[in-house]
Amino acid sequence: MTLTPDLETVRASYRTEGVVHLKGILTDEWLETLRAAIDAEVQKGDRYFAYKNMRKEPGAFQDFCLTSDIGQRVAEVAGSSWASLIYDQIFVKEPGTKTQTGWHTDQPYWPVKGPIMTMWIALDPVDEDNGALEFVRGSHAWGANYRPFKTDQLGGFLHYLEEDNPDYIDMPDFEADREKYDIAHYNMDPGDALAFDGMIVHSAMGNRTSTRRRRGYAIRFAVDGATYNPRDSVTEWLHDPGMTAGQVFASDTFPVIYRNV
Ligand SMILES: O=C(O)CCC(=O)C(=O)O
């Protein structure tokens, strides 16, 4: 049974724009479970963070990745017969954490060639006041391979990585030239998700409110056509000695969580 209403329209938007807004993909139970799990992390003291690989430890994030229907949703939207898990990440911007997450593409940071999808799930209402993500629609299809860069703890640009690598080009100043591009953000309700391509240029606003939280849970997936591409120090933390370069991106470390049989 298909989980995604209007699947053909959704797929077409994802294909042409590189991002699509999916409404209400979480059950109330998962919403509460994930919120509580993030709150346990907030209790540790940080108010603005992007913790990675939460699913490695037993608990709510691992359960969600392995037992919810998220893999099927990814496969449906991507038009893939399978989806494997790369890693997950929680993005918290508590009220008053105003720093913008700079414009970037995700793919150069990961050892994957071919299609990657992120599902960014809102656990609070999200809009331009409390940290909505922004996308340069269609940029995933430009064929532009933007150079990865190092950021500080708050996501500010520090310096380029792979500076001598001719495969990359430096990123234009999207912020300065906003009017030149088709830039969009999506107002989200808790339980909504944005499915977006690993090559789309995106950023996230800061949380300018004094009262409204912004908890997001992002999971990165490889889908049909994605292969292992362990190329440099930037992607090293996701290297898997159990895979060989060029093979389908799936292994014990990066399990296939959905297959349409
Ligand atoms: O949620 C955020 O603040 C940033 C998210 C992001 O850039 C991503 O998921 O790639």
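The values are calculated or read from the model by the stated rules, or taken from the named source; none is laboratory data. Since this is a predicted model, take the numbers as computed values, not measurements. All Cβ positions, glycine included, derive from the backbone under ideal geometry; neighbour counts span all protein chains shown. The accessibility values were calculated without ligands, DNA or RNA, using every heavy atom of the protein model including side chains. Shrake-Rupley method; radii C 1.70, N 1.55, O 1.52, S 1.80 Å.
So which of HIS140, HIS159 is more than 17 Å from TYR186 (Cβ to Cβ) and either without any contact (Cβ under 8 Å) to a residue 60 or more places away in the chain or of a type outside the set (Val, Ile, Thr) (or both)?
Just a single option satisfies the conditions, and that option is HIS159.
Within 18 Å of LEU26 (Cα to Cα), open to solvent by 10 Å² or more (accessible area, probe 1.4 Å) and in contact (Cβ under 8 Å) with a residue 24 or more places away in the chain - does that describe any residue in the stretch 91-99?
Yes: one or more hits.
Do we have any residue at all in the stretch 183-196 that's more than 20 Å from THR118 (Cα to Cα) and either in contact with a helix residue (DSSP H, G or I) (Cβ under 9 Å, 6 or more places away or on another chain) or open to solvent by 20 Å² or more (accessible area, probe 1.4 Å) (or both)?
Among the residues of the stretch 183-196, not one is more than 20 Å from THR118 (Cα to Cα) and either in contact with a helix residue (DSSP H, G or I) (Cβ under 9 Å, 6 or more places away or on another chain) or open to solvent by 20 Å² or more (accessible area, probe 1.4 Å) (or both), which makes the answer no.
Scan the stretch 202-235 for residues that are in a loop (DSSP other than H, G, I, E, B) and either within 15 Å of the ligand (Cβ to nearest atom) or among the hydrophobic types (A, V, I, L, M, F, W, C) (or both) and report the count.
8
Please enumerate the residues belonging to the stretch 33-75 that are β-branched (Val, Ile, Thr) and within 18 Å of LEU85 (Cα to Cα).
Hits for the stretch 33-75 are THR67, ILE70, VAL74.
Out of THR16, THR2, THR9, I need the residue that is in contact with an Asp or Glu (Cβ under 7 Å, 6 or more places away or on another chain) and open to solvent by 50 Å² or more (accessible area, probe 1.4 Å). Which one?
THR2
For the stretch 224-261, give me the residue count where each residue is touching a Phe, Trp or Tyr at 6+ places or on another chain (Cβ under 7 Å) and either open to solvent by less than 30 Å² (accessible area, probe 1.4 Å) or of a type in the set (A, V, I, L, M) (or both).
10
Looking at the stretch 77-194, what strands (runs of 3 or more DSSP E) fall wholly within it and have at least 2 residues that are away from the ligand (no atom under 12 Å from the Cβ) and within 15 Å of the chain's Cα centre (by Cα)?
In the stretch 77-194, 82-93 are the strands (runs of 3 or more DSSP E) which contain 2 or more residues that are away from the ligand (no atom under 12 Å from the Cβ) and within 15 Å of the chain's Cα centre (by Cα).
Can you tell me which of (1) within 22 Å of MET199 (Cα to Cα); (2) modelled with pLDDT of 95 or more is the one THR33 doesn't meet?
The number of the failed condition is (1).
Return the residues of the stretch 19-54 that are loosely packed, with under 13 Cβ neighbours inside 10 Å and over 29 Å from GLN100 (Cβ atoms); say none if nothing qualifies.
THR27, ASP28, GLU29
Residue check, ILE70 against (1) more than 22 Å from GLY198 (Cβ to Cβ); (2) open to solvent by less than 40 Å² (accessible area, probe 1.4 Å), all met but one. Which one?
(1)
So ALA50 ticks every box in (1) modelled with pLDDT of 95 or more; (2) farther than 17 Å from ASP197 by Cα; (3) under 17 Å from the mean Cα position of the chain (by Cα) but one. Which box is left unticked?
(1)
Among what's in the stretch 52-76 and is within 12 Å of PHE221 (Cα to Cα) and among the small types (Gly, Ala, Ser), pick the residue that is nearest to the ligand (Cβ to nearest atom).
GLY71
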